1. Tell me yes or no: at least one residue of the range 56-70 is surrounded by 18 or more Cβ atoms within 10 Å (Cβ to Cβ), in contact (Cβ under 8 Å) with a residue 60 or more places away in the chain and either aromatic (Phe, Trp, Tyr) or in contact with a His (Cβ under 7 Å, 6 or more places away or on another chain) (or both).
2. Can you give me the ranges of the helices (runs of 4 or more DSSP H) entirely in the range 172-217 with at least 1 residues that are within 30 Å of ASP235 (Cβ to Cβ) and not hydroxyl-bearing (Ser, Thr, Tyr)?
3. Residues of the range 83-102 being without any contact (Cβ under 8 Å) to a residue 40 or more places away in the chain and buried (at least 16 other Cβ atoms within 10 Å of the Cβ), which ones?
4. Looking at the range 1-115, what helices (runs of 4 or more DSSP H) fall wholly within it and have at least 2 residues that are modelled with pLDDT under 95 and closer than 19 Å to SER313 by Cβ?
5. I want to confirm something. Restricting to the range 133-166 and keeping residues that are surrounded by fewer than 17 Cβ atoms within 10 Å (Cβ to Cβ) and in contact with a Pro (Cβ under 7 Å, 6 or more places away or on another chain), which single residue is farthest from PHE78 (Cα to Cα)?
6. Give me a count of the residues in the range 1-20 that are charged (D, E, K, R) and within 17 Å of ARG57 (Cβ to Cβ).
7. Here's a check for you: in the range 280-296, which residue that is touching a residue at least 12 places away in the same chain (Cβ under 8 Å) and closer than 19 Å to LEU193 by Cα is farthest from the chain's Cα centre (by Cα)?
8. When you scan the range 272-279, do you find a residue that is surrounded by 13 or more Cβ atoms within 10 Å (Cβ to Cβ), modelled with pLDDT of 95 or more and under 18 Å from the mean Cα position of the chain (by Cα), even just one?
Amino acid sequence: MTTGEVLWTLRAECPIPARLSPYADRVQAWLLGLLPELGLPLDDAALQRLARAGFARYAGRLYPGADEADLRVLTALFTWFFLVDDACDGPDRLAPDQIRALRNGTLALLHDGPRARHTGLTGPLRRLLVLAWREPRRRMPVRWRMRFAEAVARHLDGTWREAVNKEAGHRPGVTEYIELRRATSAADVSYPLVEFVSGRPLPDPVYHHPLLREVASTGNDLLSWYNDLASLDRDRATAGGHNVVLAVQDEWGLSPATAVDRVAERWRESMGHFVEARAAVPSFGPTLDAAVTEHLDGVANAVRGTIEWTLESGRYPTGRPEPAGTSRP
C-alpha cells in the first residue's frame, strides 16, 4: 500500500465518530478577513493557501460543541500555532535562539496580559495572540491559565529542541523522537481548551490523574503519528529525521515501505490501548464526572478530528481521492 492508502485505511479503522461544528465554514471566512487586518503580509496566493488549510474546520472538528464566538477564539489560537510552526519549520526557519525568544515573549503575554512587551513576540503574531487570548484570560481561572501556559511552554520547548537537533544534524532514535513529538504536536495545548469551551475546568488532581494522562498521551501519539504519515514525503527532504517513520526506518534498518507498515501497525495497537484506557477511567463523583467525560471526548475528538482534517486540508496530500460513497461530516 502507498502511504496515502495507509492513511485512508487507518481512517476507516478508527472507532471514534467524526464530528464538525456547524459554524466552521462561516468562521473560516471570518478568519480570512481578519488576518490581513492584523498586518500579516498575505498576497492572494497566501490567502488561498490559508483557505485550503481550513484551520476553522480543524478547530470545529476538535470542538464541535463550541458556539460561534468561541470557535472564532479557538480558530485564532489554532492559526497562531500553525503560523508559528511554519516560521519555525519552513525553508527560512527561525534559528534556535529566535525560537527561544519567541517562547519567552509568548509566555510573558500569557502570564501578564496584553500590556506585557517582549522583543521575542512582536508584530502580527503578537496581535493575533492578544486577540485570541483575550477571552480565555477573561473567563478562565488563574490555575487554568497557568496550566494552559505550561502546555504552551512545553510545546515551544519541544520546537526549540527540534531546531537544535536539525542545526546539529542529530537524527533522533524512536524513543527519543516519540517523546519529543508529544511536545511538538501541540496536542497538550488543545486539551485544556475543552474546558474553555465547557466552562468547567477540572481540578488539577483530576486533570493529572494517571489514567487521564495516559489517555491524553496515547491520543497525542495517535494524532501525531497520523500527521507524520501524511507529511512523510515532505519530511524526507526537510525534517532531518524528525518523523516517526524516518526514525523507525533509520533505527531498525527497514525499507521505506516496511517502516510505514510498522508505524501503521503500532498506530493500530495504540488505538486499541486508547479505547481500553478511556474505558478504564474511574468515576470522580457526580459533580465531576460530566466534566471528565467532556475532557475524554475532547481527546478523542482531537484524534479523529486530526484524521479528518488531515485528509481534507490543503496542507497535506492524501494520496488518493476519498472513496465514492464515503460520508464525512
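1. Within the range 56-70 (the criterion being surrounded by 18 or more Cβ atoms within 10 Å (Cβ to Cβ), in contact (Cβ under 8 Å) with a residue 60 or more places away in the chain and either aromatic (Phe, Trp, Tyr) or in contact with a His (Cβ under 7 Å, 6 or more places away or on another chain) (or both)), the answer is yes, since at least one residue qualifies.
2. Working: elements: 174-184, 187-190, 192-198, 204-207.
Filter on the range 172-217 gives 174-184, 187-190, 192-198.
3. Initial filter on the range 83-102 (without any contact (Cβ under 8 Å) to a residue 40 or more places away in the chain): 86-87, 90, 92, 97-98, 101.
Answer for the range 83-102, where residues must be without any contact (Cβ under 8 Å) to a residue 40 or more places away in the chain and buried (at least 16 other Cβ atoms within 10 Å of the Cβ): ALA87, ALA101.
4. 3-13, 24-37, 44-53, 68-89
5. VAL164
6. Number of matching residues: 2.
7. LEU288
8. Looking through the range 272-279, at least one residue is surrounded by 13 or more Cβ atoms within 10 Å (Cβ to Cβ), modelled with pLDDT of 95 or more and under 18 Å from the mean Cα position of the chain (by Cα).
The values are calculated or read from the model by the stated rules, or taken from the named source; none is laboratory data. Please read all numbers here as calculations on a predicted model, not as lab measurements. FYI the Cβ positions are ideal-geometry reconstructions off the backbone, even for glycines, and counts take in every protein chain you see.
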